[in-house]
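Colleague: Got a structure here, written out as structure tokens. Questions coming.
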Amino acid sequence: MNSSIWLQNIRTNSKPSLEESIQTDVCIIGGGLSGIMTAYHLAKAGKEVILLEGNSLLHGATGHSTGKLTAQHGPVYQSIIEKFGLDSALLYYELNQKAISSAIDLVDSSIIQPATSYLYTLEGQNIKKLEDEWAAYKQLHIPGTFGEKGEIPYGIKASVAMLDQAQIHPVLFGQSIIDMAVKAGAKFYENSRVQHINLSKPYVELENKQTVYCKDLVICSHYPLEAIIGLQLVKLKINRSYIVAFKSSEPYTGQYLSIDQPGRSIRTVQIDGDNYTLLVGSSHRAGALSNTNIFYDAIEKEAYENFAATDIPFKWAAQDPETPDLLPYVGQISSSHPNIWLSTGFRKWGISNSLVAGQIVSDGILGRPNAGIELYSPKHTTIGDALWQALKVGGQTAVDLIGGYVTRSSMPRCTHLGCKTRWNEADETWDCSCHGSRFAKDGSVLEGPAVKPLNLKK
């Protein structure tokens, strides 16, 4: 089984499973960074908070991320200006930049380090795209530079730098926030999988038949269980990307993201006195392929040839939902359910956006003003964007559902909506291409929206 560098040799701070029915002010589903940050802010403000994680805290998207804490989320600012306007683009940058500043104040410097973020291209045809992005930076007064140089072993044609960014050890960072949240009174439960949500009460029912009643419910489960309420079910596209980590001689001062295809993301980290380089490879729709070894093989080959890697001890995959219009879905799931909150769709930029989301949701519940509440609201997707994404995702789901019964009739059915799963050879998981559910070798749920294990006996 492949393993993430962030989950090696970390202190164990396991939490109990919930074994009784209880009542609380706020119930949070999902033990990644967005749920943990929300719990921290609410507990600090005096709310009674319970967080439920189906597996282990920080072992999902957060523990399999790159740990880049940056407001540079690809070449997006020109697009955000065109779609939402200059003020919205500036607000998006300011919210994420504020998240970086707040993170630096929250944890020890051994967990978070300053870094400059770079977008780069190796292809002359993509220089114009970077020039346009640099023009957006100047419009928004984002501190940065435009140039051609970099530390990475590629012939960079052009690059755009964003200054004053950071990178973290995502698991150690999350553990620090958990400690602070617990000190403020929040309660965390692991191996406590939610199987049903009643939106009108609200309350949640766990796999072990226990019930949590609450005034506000926050769904931070990557792919929301009750997404159909806001039609997020047909708006979210799930992508999977591949990461390897290997020892290197010197750390980089920057962190890098290619705008070419296939894309590459690069950063370094020091762990236990050793420097490691993280190289992130190609992306594809989650669950669409069985032979995923080809993606690991491609970036491993690049690590050996371009970075002089001698051994690759860590490799893993990350899975991320993407909205149709670049902005995440954070806020009330619908006007008819004002006490149901959603946090998802971070498009591979879940570190900074999780910090933003935690503040937005907690401020919303507490009735505090936050300029990001409207910008990040799940309502921001336009009808055209939603329809186009629905046609793409819904159409592909129909193809996968029908095609799976033709070509993979012997494969187990996903317990979400019945699509046939695929065996992922590299990661040794059962993956569903319809909505991104993942199951371990024994059929247990690794990632939703599925909440029940596979039936492997058929």
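The values are calculated or read from the model by the stated rules, or taken from the named source; none is laboratory data. Quantities reported herein were computed from a predicted structural model and do not represent experimental measurements. Note that we place each Cβ from the backbone using ideal geometry, even for glycine, and neighbour counts take in every protein chain shown. When the accessible area is computed, the model is the full protein with side chains, heavy atoms only, and any ligands, DNA or RNA have been set aside. Shrake-Rupley method; radii C 1.70, N 1.55, O 1.52, S 1.80 Å.
Colleague: Under 5 Å between amide H atoms, partner at least 5 residues away or on a different chain: which partners does Y329 have, H built in plane at 1.01 Å?
Modeller: Hits under the 5 Å cutoff: T344, G345.
Colleague: I would also like to ask the following. How large is ³J(HN,Hα) for each residue in the stretch 98-109, as worked out from phi by the Karplus curve 6.51 cos²θ - 1.76 cosθ + 1.60 (θ = phi - 60°), to whole Hz, x for Gly and Pro?
Modeller: 5, 4, 5, 4, 5, 5, 4, 6, 7, 10, 5, 5
Colleague: Can you give the helix-only mean residue ellipticity at 222 nm for the chain, where every DSSP H stretch with n ≥ 4 adds -39500 (n - 2.57) and the sum goes over all residues, rounded to the nearest 500 deg cm²/dmol?
Modeller: Working: 9 runs with 130 residues, N = 458.
Computed mean residue ellipticity for the chain: -9000 deg cm²/dmol.
Colleague: Which percent of the accessible heavy-atom area of the chain goes to carbon and sulfur, probe 1.4 angstrom?
Modeller: Numbers: 9510 of 18730 Å².
For the chain, the apolar C and S fraction of the accessible surface comes to 51 percent.
Colleague: Here's a follow-up. Quick one: what are the phi-derived ³J(HN,Hα) couplings along the stretch 317-328, Karplus 6.51/-1.76/1.60 with θ = phi - 60°, whole Hz, x for glycine and proline?
Modeller: These are the phi-based 3J(HN,Hα) values: 10, 10, 10, 9, x, 10, 7, x, 10, 6, 8, x Hz.
Colleague: The list (1) 20.0, 60; (2) 47.0, 158; (3) 21.1, 61 gives values of Rg and Dmax of the Cα atoms in Å, and only one came from this structure; which label was calculated from it?
Modeller: Only one listed value fits the structure, namely (3).
Colleague: Amide H neighbours of S3 under 5 Å, counting only residues 5+ apart in sequence or on other chains, H built in-plane at 1.01 Å?
Modeller: Under 5 Å from the amide H of S3 lie the amide H atoms of K315, each far enough along the sequence or on another chain.
Colleague: Subtracting the Cα-Cα distance from 0.36 nm times the residue separation, let me have the gained length for N455 to K209 in nm, one decimal.
Modeller: Values: separation 246, 0.36 × 246 = 88.56 nm, distance 1.99 nm.
Full-extension gain reported as 86.6 nm.
Colleague: List the lysines whose Cα lies under 26 Å from the Cα of K301, skipping any in the same chain that are fewer than 8 positions away.
Modeller: Candidates past the 8-residue exclusion: K68, K149, K157, K247, K315, K348.
Colleague: Then there is this: Putting +1 on Lys and Arg Cβ atoms and -1 on Asp and Glu Cβ atoms, find which of V107, W134, T121 reaches farthest to the positive end of the dipole of the stretch 95-146.
Modeller: W134
Colleague: Which aspartates and glutamates, if any, have their Cα less than 20 Å from the Cα of K187, not counting same-chain residues under 8 positions apart?
Modeller: Excluding near neighbours in sequence, the set is E19, E20, D25, E48, E53, D179, E205, E207, D216, D363.
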